[in-house]
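Engineer: Got a structure here, written out as structure tokens. Questions coming.
The values are calculated or read from the model by the stated rules, or taken from the named source; none is laboratory data. Keep in mind the model is a prediction, meaning the values are calculated, not measured. Glycine gets a Cβ as well: all are built from the backbone with ideal geometry, and neighbour counts include every protein chain shown. We work out accessible area using only protein heavy atoms, side chains counted, and drop any ligands, DNA or RNA first. Shrake-Rupley method; radii C 1.70, N 1.55, O 1.52, S 1.80 Å.
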Amino acid sequence: MILKVLYNIISMLSLFKVFMSSDVEQPVLNTLRSGFVTQGPRVEEFENALKSYLETEHVLTLNSGTSGLTLALRILKDKKFVTEFWPGFNDDDVVLTPALTCFATTSAILANGAKIRWLDTDLESPNIDLNDIRRKLSPKTKVIYIVHWGGCSVDLDELEKIKNECYERFGFRPMVVEDCAHAFGSTFNGKKIGSHGNICVFSLQAIKSLSTCDGGIITLPNKQMYDECKLLRWYGIDRDKRNYKGKDFRLENDITSSGYKFHMNDLNATIGIHNLPHIDRLLEKNRENARFYDENLSNIPGIKCLPVNGEPSYWLYTIRVERKEEFINFMKDNNIMTSQVHNRNDINSCVQDYNEELVNLDIIEKDLICIPVGWWLERSDMEYILSKIREFYC
């Protein structure tokens, strides 16, 4: 009883919390007064730190993860990347993409004027059903977007097999864009997500594992794509060669491809530089809390824990529950936030042209829920959450 009174007094145990390093205030002030408040030396410093952390060479920072997802398809629609394995993307081609994701994934595809075909979920996980990719491969499915839900990796080995199968059937390997918004610091087969040879995009939005208040990262599999993205994130202007005909340092030379204003600024980068050294500690606390759930939830009737690949970041801890709506209301009444977090995208009016049956998602959305797992939760918080789950189901 005392425990319940205590938790009714304090604020709700949240699914999300913003982390900010205690030593960031003076560096931010220094940046504000430096004369570089847009893209400058702090952006370059942050990108170099990210190259080391993500274990990959071609890294660009952006103003959002959505910008990265948009850029990814934009460069794939550019004919300069056509190879013997990749025939290019045409207006009548199709992007395979998860229906269960943040709408940012879908929005980036629509912004490129591309057609969508939805991928179903796996019944054992909110991640995509890889066999559904196999079923939907065709000469028109040139690009596949995937999402590492909650930081739990899609099986990238199996995905490579599917790409090879597509080559055997249709003569090309689909390009894969990994939406890693949940997965900063996650690994698969001992390698960081972002370093497996696909185009990968991370979100650095306020509540993500690594936050710059807002921002994003895109990693590219080769220098040619990196150079193109670097141009397109700043209107198509080469910032290193601004000196119009050698006469005016401020004017740009010929712009061959119109781009966007997608770059990161030095204020966001400064925050990232000082938050990054804390990320391993934060993720280990997430994982410690996830292990607590793994050990204590599996035998509770009405709860189903889900298998994972690799070492997740556990930005989310997702389970399947009986009596979902009642469970959400009960936990809320006991100051514990729960949510499905992302709604299925295929129900929105703006994508009604792409309706199709998604049998597994129809099933899993009825009982899918996320419970708090983050670094801010102490053991007493975890025990309280567990006690409320037991109270509801037992």
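Engineer: I'd like the FRET efficiency for Lys223 and Cys394, computed as 1/(1 + (r/R0)^6) with the beta carbon distance as r and R0 of 51 Å, rounded to 0.05.
Structural biologist: 0.35
Engineer: Continuing with the same structure: Could you give the semi-axes, largest first, of the ellipsoid that matches the range 351-392, computed as the square roots of 5 times the alpha carbon gyration tensor eigenvalues and rounded to whole Å?
Structural biologist: 35, 14, 6
Engineer: Among DSSP bridges having both ends in the chain, what percentage is antiparallel? Round to the nearest 5.
Structural biologist: Around 60 percent of the beta bridges assigned by DSSP in the chain are antiparallel ones.
Engineer: Output the relative contact order of the chain, whole-number percent, from Cα pairs under 8 angstrom with separation of 6+ residues.
Structural biologist: Over the chain, the number comes to 24 percent.
Engineer: For the chain, what is the charge dipole size about the Cα centre, in debye to the nearest 20, if Lys and Arg each add +1 at the Cβ and Asp and Glu each add -1 at the Cβ?
Structural biologist: 840 debye
Engineer: Here is a follow-up. Quick check: Cα centre of the range 286-330 to Cα centre of the range 96-119, how many Å?
Structural biologist: 27 Å
Engineer: Shifting gears a bit: Going by a ≥ b ≥ c, the root eigenvalues of the Cα gyration tensor, does the range 1-103 fall in the rounded group (a/c under 1.5), the prolate group (a/b larger than b/c) or the oblate group?
Structural biologist: oblate
Engineer: Another question about this same structure. Run the simple label-point estimate for Asp362 and Lys324 please: 7 Å along Cα→C-beta, distance reported in nm.
Structural biologist: 1.4 nm
Engineer: Rounded, prolate or oblate for the chain? Axes are the square roots of the Cα gyration tensor eigenvalues, ordered a ≥ b ≥ c, and the cut-off for rounded is a/c under 1.5.
Structural biologist: oblate
Engineer: Shifting gears a bit: Which shape class, rounded, prolate or oblate, goes with the range 93-173 when its Cα gyration tensor gives a ≥ b ≥ c as root eigenvalues, a/c under 1.5 marks rounded, and past that a/b bigger than b/c marks prolate?
Structural biologist: Oblate is the answer for the range 93-173, as a/c is 1.5 or above yet b/c matches or exceeds a/b.
Engineer: Tell me the carbon and sulfur percent of the accessible area for the chain, rounded to whole percent, probe radius 1.4 Å.
Structural biologist: C and S atoms contribute 50 percent here.
Engineer: Show the residues, 5+ positions off or on another chain, whose built amide H is closer than 5 Å to the amide H of His263.
Structural biologist: So His263 has HN proximity to Asn63.
Engineer: Also, quick follow-up: Given a 1.4 Å probe, how much area per residue of the chain is accessible, in Å²?
Structural biologist: With all protein chains present, the chain gives 44 Å² per residue.
Engineer: Now for a separate question. Grab the DSSP H runs of the chain that are 4 residues or longer, score each as -39,500 (n - 2.57), total them, divide by all residues and round the 222 nm result to the nearest 500 deg cm²/dmol.
Structural biologist: It lands at -11000 deg cm²/dmol.
Engineer: Pairs Lys191/Lys366; Lys115/Lys208; Lys80/Lys115: which are spaced more than 31 Å apart, C-alpha to C-alpha?
Structural biologist: Exceeds cut-off: Lys191/Lys366.
Engineer: Suppose the Debye formula is applied to equal point scatterers at every Cα of the range 322-394; what is log10 I(q)/I(0) at q = 0.14, 0.16, 0.27, 0.28 Å⁻¹?
Structural biologist: Debye intensities relative to I(0), on a log10 scale: -0.58, -0.69, -1.28, -1.34.
Engineer: Further, regarding this structure: Amide H to amide H under 5 Å from Cys102: which residues, 5+ apart in sequence or cross-chain, H placed 1.01 Å off N in plane?
Structural biologist: Answer set, sorted by chain and number: none.
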